Amino acid sequence: MVDWKLAAATAARLVRPGPEVTRDEARDIVAELRRHATAAEEHVRGFTRMVAASDTPVPVLVVDRPGWIRANVAGFRALLTPLLDKMSDRRSSLPGGAVLGTVGGKVTGVELGMLLSFLASRVLGQYETFAPGSEDLPGGAGNGGRLLLVAPNIVQVERELEVDPHDFRLWVCLHEETHRTQFAAVPWLRDHIEGEIRTFLSETDVDPATLLERVREAAQSLAGGRPPEGEGRSIVELVQTPAQREVLARLTAVMSLLEGHADYVMDGVGPQVVPSVAEIREKFQKRRASGAGRLDAALRKLLGLDAKLRQYRDGERFVRAVVDEVGMDGFNRVWTSPNTLPTKAEIAKPADWVARVHGTTAG
């Protein structure tokens, strides 16, 4: 169904080069990001009062764009293999299915590579929850998570925003370190999210050609410089079943919580350790909201990236409202079990979560 090696090779070949830096500058940037990641860990844990449940370290990897691509191809492959096997079995029963599978796998590999090349220049950092390790990209113990910091993208954005590079690098690390802390301090969280994703994928009931056509639609828009058809809906929205909508609502709530919590922590810690945090936040918010033109906006919708932007905003408002009402320790009851996670409706109405979990009404 997907030629993964071809996807990785295509993305690495097409991805835009990063900003120009000398070898010495690159070495200094990598070293500084590693120092900031270490410093951010202490800042985040002190502010959130969250403590790692295990002494096993979670790897922090500073990567370039091709490194990010390799890591994500491996992650997608591990996560999607059960679904793709199911789709492949369905296709093999059709006349000529084996031939179609071979040809289609290469076509889809190229087009997936095109999408990854688009995304590889936009991600500043990423906590990989499902991270199979490799020789050059080690994963956590027992296939646990790892934190990726994409050095060329961080440098590119700090230059575009014209902000202090040292402050910006620490600011980014505060956000990403919050994700590492979330999963290190809440052992059940990874399995819970993986279970929800597996359930979502297992409920997929769509003709393989339809699903692959959505991916091709997005990839071809990159090659042709045109907005994709149906740009008002994401790939997931275009193919999901009613059962998947329920799972997606729960996943949306969890991701809103995680992203909003990271933004809240970043802003809470920032004034003490990042002197120019107000300037960075203002400029970054404008950049995050604007995109880069009509095609970029259309692709963000098709890939669901606009939903991710809403997750930052809505989740941060939820965290702030709950902490204001019941304090940080009261908020941290959100990590007790899957039952104390907020629903999608509670993300929009934090008082309902406070009432359910604390037995009181906010305000």
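Quick note: the coordinates plus some simple rules give every number you see, no bench work behind them. The structure displayed is predicted, hence computed values, not measured ones. Glycine also receives a Cβ, built like all others from the backbone with ideal geometry; neighbour counts cover every protein chain displayed.
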Neighbour-count ranking for MET266, MET255, MET1 (other C-beta within 10 angstrom, fewest to most) reads MET255, MET1, MET266
Which of LYS86/LYS349; LYS5/LYS344; LYS5/LYS86; LYS5/LYS286 have a Cα-Cα distance over 28 Å?
LYS86/LYS349; LYS5/LYS344; LYS5/LYS286
Ranked packing of 283-289, 338-344, most packed first, by mean Cβ within 10 Å
338-344, 283-289
Starting at the first residue of region 40-46, write each ³J(HN,Hα) from the Karplus equation 6.51 cos²θ - 1.76 cosθ + 1.60 with θ = phi - 60°, in whole Hz, x for Gly and Pro.
4, 4, 5, 4, 5, 5, x
Rank by packing, highest mean first: peptides 348-354, 169-175, 146-152, with packing defined as the count of other Cβ atoms within 10 Å averaged across residues.
169-175, 146-152, 348-354
Could you sort 273-281, 312-320 so that the peptide with the highest average Cβ count within 10 Å comes first and the rest follow in order?
312-320, 273-281
When SER121, SER256 are arranged by how many other beta-carbons sit within 10 Å of their Cβ, fewest first, they go SER121, SER256
